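The values are calculated or read from the model by the stated rules, or taken from the named source; none is laboratory data. A quick note: this is a predicted structure, and the numbers were derived from the prediction, not measured. Because the Cβ atoms are built from the backbone with ideal geometry, glycine has one as well, and the counts that use them run over all protein chains shown. These accessible areas exclude ligands, DNA and RNA; they are computed on the full protein's heavy atoms, side chains included. Shrake-Rupley method; radii C 1.70, N 1.55, O 1.52, S 1.80 Å.
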Amino acid sequence: MLQEFKRPKYDENLSSSVSEELVKIFEKRRTIRQYSNEKPDREIILNAIRVASLAPSGANAQPWHFAVIENQALKEEIKDKCE
């Protein structure tokens, strides 16, 4: 038997402040085509992958595949092929 999904009830003030903060964050988003050589913490990379893996998909299939590429030559090759 399927269990009925019960939408959580969120505090309206908290929801409003969180949504406002998200707007501020996304307003600062920019496309970047030149990258720093600084390596982000692995935890940040893994958290980004976790968030991306939660994106909805058709039939809830989540057909995502992720790879963390650290080899600079391989990154350049992928970039060249994508452009």
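In this structure the chain gives 105 Å² per residue of accessible area when probed at 1.4 Å with all protein chains present. The angle between the Cα long axis of helix 12-27 and the main principal axis of the chain comes to about 20°, on a 0 to 90 degree scale. Taken about its Cα centre, the chain carries a charge dipole of about 120 debye when Lys and Arg each add +1 at the Cβ and Asp and Glu each add -1 at the Cβ.
Given a 1.4 Å probe and every protein chain left where it sits, what share in percent of the accessible area of the chain is carbon and sulfur? Carbon with sulfur: 55 percent of the solvent-accessible area. For LYS75, the lysines whose Cα falls under 29 Å of its own Cα, not counting residues fewer than eight places away in the same chain, are LYS28, LYS39. Shape verdict for region 1-80, please, from the Cα gyration tensor: rounded (a/c under 1.5), prolate (a/b greater than b/c) or oblate. Oblate, because a/c is 1.5 or more while a/b does not exceed b/c.
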